[in-house]
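Read-outs throughout are calculated quantities, based only on the coordinates presented, and are distinct from any laboratory measurement. All of these numbers come straight from a predicted model, not from anything done at the bench.
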Amino acid sequence: MRYQISGKQIDIGNALQTHVQAETGSMLEKYSGRPTDANVVFSKSGHEYVCETVIHLSTGLTAQARGHESEIYAAFDAALEKMDKQLRRYKRRLKDHHKERSQPVELSDAGSYILAPTDESGEAESDTVSAMIIAETEMKIPSLSAGEAVMQMELANAPALVFRNEKHNGINVVYRREDGNISWVDPKNMG
């Protein structure tokens, strides 16, 4: 497994890097036999240290956790505890569905665009009909079942996830509603 441990505008020593690798490795042995890489970034926000952890699993799913505490080791431990809880839920859901993925998740290329903000009335600030694109990136769209998409969205702490439905190969979306429930948009079944 590959580890990338870094600090944003703070120095992290070898002792912290060794601690992160040992603790992350022992936590992952319990849940996921095949993680591919872990990215741990430490930063400082006011008087607190922040630890952001991202772990990519061989199934194609990604788990993310964030911890913040007044000490750097405590921030990492808080993030690791959240990661542990997420992976425990993920493993339980896989067992509940009696399905282990035999092949890694397929990923398709897609474009991602950031549009210029709107004013208070909801209209674009420019006089043109189309919004101005201010950033363009590439992203990967995973091929998942609806249940796996919900797990991926929760593991990533994302508000929404676009995915390719494995059953019919169509593009679907799951998102968290304001009432806390999750919605699934499946255009193929609308009709």
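Worth a mention:
- Backbone amide hydrogens, once placed in the peptide plane, bring residue 156 within less than 5 Å of 64, excluding anything fewer than 5 places away on its chain.
- Using distinct alpha-carbon pairs, which all enter the 1/r mean, Kirkwood radius of region 2-96 in Å: 13.5 Å
- Pairs beyond 18 Å (Cα-Cα), from 8/30; 8/140; 30/82; 30/85: 8/30; 8/140
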